[in-house]
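Bear in mind these aren't lab numbers, they're just calculated from the coordinates by the rules spelled out. Small disclaimer: the values here were computed from a predicted structure and weren't measured. Using ideal geometry, Cβ is built from the backbone for each residue, glycine included, and neighbour counts are taken over all protein chains shown.
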């Protein structure tokens, strides 16, 4: 199993550009979520999904869209990038059984200039 | 969501035990206590979790106070590889909640040779 795979690893955007961060998991996990981590800070939850077709907002959803058309994939879209979205983005998944552990990807480092 | 309080940083000597404290005075009866750690430049990884009883696994032990208002993560013999940020997180019991764990700032553990 590859686990949770995030692409790209690094990305530089100009203000106003759009892009999609990809997240895929091959563990048939029901739950997936996106976090961002700013320098020296803990992780903040952006959006999460409890299954295909179901998404919900986390702590900091503004400026981001998500969809979950398949169990495997949970892309995060930035519609109009802003410098405040410069961060490291982590995707995570879990099986959905009560309190089963989260499995994290290795992150995407995004810089918006 | 219930919050946790952890020291910003701690130091330990290699091969000595480490006790990482966490206060969660507003914990509800259905909240699990989760611990994750994040090594430099990596995504967080699961360490351990528990509800009421002390828990042990190959990575660490979790000691939970009788009133559940605090807990302690115990690394029995710290190694240089254990230098990381350790997060103590409360998660609601029951399926549907593990995808949305709320991370705080964590404790940065330094291990000295």
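Annotations
- Relative contact order computed over region A:1-55 (Cα-Cα under 8 Å; 6+ residues apart), in percent: 28 percent
- Relative contact order (percent, whole number), chain B, Cα cutoff 8 Å, 6+ residue spacing: 36 percent
- Taking label points 7 Å from Cα along the Cα-to-Cβ direction, residue B:77 and residue B:8 give a separation of 3.4 nm.
- The residue A:113 and residue B:112 beta-carbon pair, evaluated with R₀ = 45 Å, returns a calculated FRET efficiency of approximately 0.70.
- Computed FRET value (nearest 0.05) for residue A:22 with residue B:57, which takes r as the C-beta separation and R₀ as 41 Å: 0.80
- Pairwise centroid distance, computed over Cα atoms, of region B:33-92 with region A:85-113, Å: 19 Å
- Put in line by how crowded their Cβ is, counting other Cβ atoms within 10 Å and starting with the fewest, B:77, B:58, A:77 read B:58, B:77, A:77.
- Listed by Cβ neighbour count within 10 Å, with the fewest neighbours leading, A:113, A:20 appear as A:113, A:20.
- From least to most packed, judged by other beta carbons within 10 angstrom and beginning with the fewest, B:90, B:80, B:73 follow the order B:80, B:90, B:73.
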